[in-house]
Amino acid sequence: MNLIINETGNVVTGTLEGRLDTLAATQFAKDMEPLIEKADKNIVLDCAGLEFISSSGLRLFLTLRKAATAKGGNVTLKGVSPSVKQVFTITGFNSLFNFE
Amino acid sequence: MFANLAFVTILVGTIVFIFGFGSTIYLARQEVQEETDMMVNQAVNLVGNFVDGQLQRVEDVAYTLLSGKFSSTIRDDDGMGFVSIDPKAFSIPSEEEVFDILEHFINSNPHICGVAIGFEPFLYTDTKGEYGFSAYVTNVSGNNERLSLGELHDFHQKEWYKEAYKTNKPYWSRPFAETSKGEVVACFSVPLHGIGDRLIGVLALDINTDSFRRKCDEVTPIPGCEVSLVDREFNVISHPDSSYILKNISEIDQYSAYQSSDSLRDKMTKHQSGHYLVNKGTRREAMFYFAPIERTGWTISIECPIREIYKGVTHMKRVTSVIAALSMLFMLLCFGFLFMRIQKISTSKAVMDRDLMIASHLQMGMLPKLYPAFPDRKDIDVYGFLKPAKTVGGDLYDYFIRDGKFFFCIGDVSGKGVPASLFMVVLRSLFRNISLHTDDPAEIVSSLNNAIAENNPNNMFCTMFLGVLDLKNGHLDYCNAGHNSPVVRRKKADGSVDVYFANPKVNIAIGVFEGFEYESEEAVLAEGEAIFLYTDGVTEAENLNKILFGDDATLKALADARANNARSAKDFVDYVYETVKKYAGDAEQSDDITMLAIEYKGIPVLHLKNNIENVPTLAEWLDMLAKEVNLPEDKLFNLNLAMEEAVVNVMNYAYPGQEGMPVDISYNLIGNQLVFVIDDQGVPFDPTAHKDPDITLDAMDRPVGGLGIMLVRKIMETVSYERTPDGHNRLTLTMNI
């Protein structure tokens, strides 16, 4: 699971690649710390490369969302695959994020 | 078969009858023959005696006349006093006086029809007769007629005179026809002697043979017989056909026997008696009896038609034949009737056979026999086989799966045929019913036993091996009620395979003893291990020498099966059956042959430790399974997600503060359902008890926990938790493919 962060102006883009399973979530939690720091900006997560997500991953997304809410930013998910989108739907997380 | 029997019986009956009939007829003929001989001989004697008596009388009166008694009688009676022809005191009476004497004599002796006296020419020289004097008096119809023969012919040359004179002895002339009446007359001549025994003439007496003829006619020992009298030269004196009279029998067709048989002629000529069979053409055989009259050399003969002799026998023959024919007919009818009855019985037997066949089909229909038995399961391979010895048999096997447990039994009911099969049907349905309520083999068998023993008037019983195999883990509980020891196939530590008799504890057979406490035993089958059950139809299959197949051969067949490419349970059973069949050869199958092979294929288990590090291993394992069942991509995604959530959940909570603890995940495909069981030995923890988080809350208020189990619930078809008695948590998850 890789996370590449790019910052252009007020937009911070995080590109996700690979499986975000329970094991990967531990590392991902560390990898996404820069994003949480910049949660006052518009964060765009490019999920086109996200193959899989488990509840651990969702929790991290929720952590980011909560930080954004607290700091006045927002989180947009881009290129989410139907399978992953379905996970969001099942858990009701689809209502917490903007999807592009 | 029956027709042959009937034919043979009739044939034998006919032969016996013909033999009996023949001998009866033969004996009857003998009897009749003897009786006829006796009767005919009696008749011959009767006629002979009569004729002889008549002749005797003639001779007697001739001698009386000669002795002079007659002349003295005359003298005494009418006082004439001078007439005498006593040769000793012969004085020559006048011709007139001679006639008087003769006439007087003939009047006194009515059976004499004529009397003649002739003299030598030196007497009565002055007679008128050219040839000398001979007085002849005949009685014609009561009137006496006097003839002076010397005036008619030379009486000295006549037989009656010549023969007596020549031989100087009494002489019976050949009978001749008394011309005036056509009657046959026999003539007895006696020489007359004068003083000094000088031969002076011949006295002759005629006797009419009519009385003989009447006598002959009177005598009829056999209807249709012909009694005849012939003189010593075989001229006919008496015969029913008067045209034969005085003809020689050599000229008469009627006497063909005499003509054709030299020996008969010879015997008759020698004045012997006897009888002779005469063949006068078809159905005209006759028996010709003959006997002589010594006095004259005549012969009496009686010819009896055989037809008449054996009339009684022929009648008997006819009556018997009719009776025999009727008996035969009756016998045939009886056989016909019997035949029809037997056919009817055969028909009803055919109906019974058909019913038995239906019963057999029904019975066989009750046995599970669709293979593969559980096409939707990978954890078990089972194959049952039942080959009845008779149409319906007393063996049974049955199996079914309930709650992940495989219930099975094999049994052998005492006896064979319909009763055994009914018993078997009852047992089978009881097995099914009782097994619904318990999975303890001892309890099932005890219940079966009590149900059967409670009401078992015929004292039937059944040996049975019953087991319950837990398909989750290969745990086997079983109870052996007097049945043959199963054969098990086990994997040894070194990986080789061992096939041996399990020799479980043997309880008493079902139905024998009500209330018997049956005991279960247990074992664990590992993956690929198998149990093979059979009835004694296998081990006790006989070859033509009546030698049993035996336990060792059974074991060997099972051990050899794998080397002979047996893989599935069916392969093993087929191999054993082929081996038994080959062994038995042409010997008839004496008992039901039943086999049940069960292989525990096991289920794939993933053994993990409670460490998140192991999660990718789970994903790989699931990927592999998904390929096996061709799981679509989206389903695999969900499966991965739900399983990961569930497993991680267990890892996180089952072993608080402990690491390296086991979490086992097994997988089974049952039908179109994937069944996963997550097993751990940690603290009791029921993830299903937790409520799903409220997903309508605002982001800030959303809880971070509970999402995992929520996903599991949403994705999987069913999620259930169980805390086992041996301290395991078992979380079972299913997903439809």
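The values are calculated or read from the model by the stated rules, or taken from the named source; none is laboratory data. Please read these numbers as outputs of a predicted model, since none were measured by experiment. Counting neighbours? That spans all protein chains shown, and the Cβs are built from the backbone with ideal geometry, glycine included.
A few notes on this one:
- Considering B:ILE593, B:ILE670, the condition of being away from chain A (no Cβ under 14 Å), within 30 Å of B:PHE408 (Cβ to Cβ) and at pLDDT 90 or above is satisfied by B:ILE593 alone.
- The residue that is surrounded by the most Cβ atoms within 10 Å (Cβ to Cβ), among those in the stretch A:10-35 that are under 11 Å from the mean Cα position of the chain (by Cα) and within 14 Å of chain B (Cβ to nearest Cβ), is A:LEU20.
Here's the yes/no breakdown for (1) touching a Ser or Thr at 6+ places or on another chain (Cβ under 7 Å); (2) exposed (fewer than 12 other Cβ atoms within 10 Å of the Cβ); (3) over 30 Å from B:TYR667 (Cβ atoms):
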residue: B:LEU333; (1), (2), (3): no, yes, yes
residue: B:ARG354; (1), (2), (3): no, yes, yes
residue: B:MET357; (1), (2), (3): yes, no, yes
residue: B:PHE374; (1), (2), (3): no, no, no
residue: B:VAL382; (1), (2), (3): no, no, no
residue: B:PRO388; (1), (2), (3): yes, no, yes
residue: B:ASP403; (1), (2), (3): no, yes, no
residue: B:CYS409; (1), (2), (3): no, no, no
residue: B:PRO419; (1), (2), (3): no, no, yes
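- Positions within the stretch B:631-661 being under 14 Å from A:ILE53 (Cβ atoms) and more than 9 Å from chain A (Cβ to nearest Cβ), in sequence order: B:ALA642
- Leading residue by the ranking (nearest to the other protein chains (Cβ to nearest Cβ)) among those in the stretch A:36-47 that are touching a helix residue (DSSP H, G or I) at 6+ places or on another chain (Cβ under 8 Å) and surrounded by fewer than 21 Cβ atoms within 10 Å (Cβ to Cβ): A:ILE36
- The stretch B:220-256: number of residues that are within 60 Å of the chain's Cα centre (by Cα) and assigned to a strand (DSSP E or B): 2
- Checked against the criterion of being in contact with a helix residue (DSSP H, G or I) (Cβ under 7 Å, 6 or more places away or on another chain) and either of a type in the set (S, T, N, Q) or surrounded by 21 or more Cβ atoms within 10 Å (Cβ to Cβ) (or both), the candidates B:GLY132, B:GLY150, B:GLY194 yield just one match: B:GLY132.
- Only listed residue being touching a strand residue (DSSP E or B) at 6+ places or on another chain (Cβ under 9 Å), at pLDDT 85 or above, within 27 Å of B:PHE188 (Cα to Cα) and part of a helix (DSSP H, G or I), chosen from B:LEU55, B:LEU66: B:LEU55
- If you go through the stretch B:703-737 and keep only what is assigned to a loop (DSSP other than H, G, I, E, B) and under 26 Å from B:PRO656 (Cβ atoms), you end up with B:PRO703, B:VAL704, B:GLY705, B:GLY706, B:MET716, B:THR724, B:PRO725, B:ASP726, B:GLY727, B:HIS728.
- Taken together, the criteria place B:ALA563 among residues that are of a type in the set (A, V, I, L, M, F, W, C), loosely packed, with under 15 Cβ neighbours inside 10 Å and free of Cβ contacts under 8 Å to residues at least 12 places away in the same chain.
- Tally, over the stretch B:705-725, of residues that are facing another protein chain (nearest Cβ under 9 Å) and loosely packed, with under 13 Cβ neighbours inside 10 Å: 1
- Taking strands (runs of 3 or more DSSP E) as the structural unit, those lying wholly within the stretch B:481-595 and holding at least 2 residues that are farther than 29 Å from B:LEU427 by Cα correspond to B:487-491, B:497-501.
- Single residue of the stretch B:430-451 satisfying the filter (touching a residue at least 24 places away in the same chain (Cβ under 8 Å) and closer than 13 Å to B:LEU396 by Cβ) that is surrounded by the fewest Cβ atoms within 10 Å (Cβ to Cβ): B:ARG432
- Members of the stretch A:48-63 that are in contact with a strand residue (DSSP E or B) (Cβ under 6 Å, 6 or more places away or on another chain), within 14 Å of another protein chain (Cβ to nearest Cβ) and more than 18 Å from B:GLU613 (Cα to Cα): A:LEU50, A:GLU51
- Verdict on B:SER360 being hydroxyl-bearing (Ser, Thr, Tyr), outside the structural domain of B:LEU525 (by TED's automatic domain parsing), at pLDDT below 80 and in a helix (DSSP H, G or I): yes
- Verdict on B:ALA43 being under 40 Å from the mean Cα position of the chain (by Cα), touching a residue at least 24 places away in the same chain (Cβ under 8 Å) and surrounded by 11 or more Cβ atoms within 10 Å (Cβ to Cβ): no
- Within the stretch B:614-630, the residues that satisfy the criterion of being under 13 Å from B:PHE676 (Cβ atoms) and within 14 Å of chain A (Cβ to nearest Cβ) are B:LEU618, B:TRP621, B:LEU622, B:ALA626.
- Per-region count, the stretch B:94-129, residues among the aromatic types (Phe, Trp, Tyr) and either at pLDDT 85 or above or within 12 Å of B:GLY150 (Cα to Cα) (or both): 3
- Options B:GLY671, B:GLY657, B:GLY682: the member that is free of Cβ contacts under 8 Å to residues at least 24 places away in the same chain and not aromatic (Phe, Trp, Tyr): B:GLY657
- If you go through the stretch B:680-704 and pick out every residue that is within 14 Å of chain A (Cβ to nearest Cβ) and either under 24 Å from B:GLN658 (Cβ atoms) or among the hydrophobic types (A, V, I, L, M, F, W, C) (or both), you end up with 7.
- Checked across the stretch B:149-161, the condition of being polar (S, T, N, Q) and either outside the structural domain of B:ALA116 (by TED's automatic domain parsing) or more than 21 Å from B:ILE106 (Cα to Cα) (or both) holds for at least one residue.
- Picking from residues in the stretch A:64-77 that are crowded, with 19+ Cβ neighbours inside 10 Å and small (Gly, Ala, Ser), the one that is nearest to the other protein chains (Cβ to nearest Cβ) is A:ALA68.
- Residue satisfying condition, being touching a residue at least 24 places away in the same chain (Cβ under 8 Å), surrounded by 15 or more Cβ atoms within 10 Å (Cβ to Cβ) and in the same structural domain as B:HIS483 (by TED's automatic domain parsing), within set B:VAL580, B:VAL663: B:VAL580
- Selected residue (criterion: farthest from the other protein chains (Cβ to nearest Cβ)) from residues of the stretch A:78-100 that are out of contact with any Cys (no Cβ under 7 Å at 6 or more places or on another chain) and closer than 11 Å to A:ILE43 by Cβ: A:ASN98
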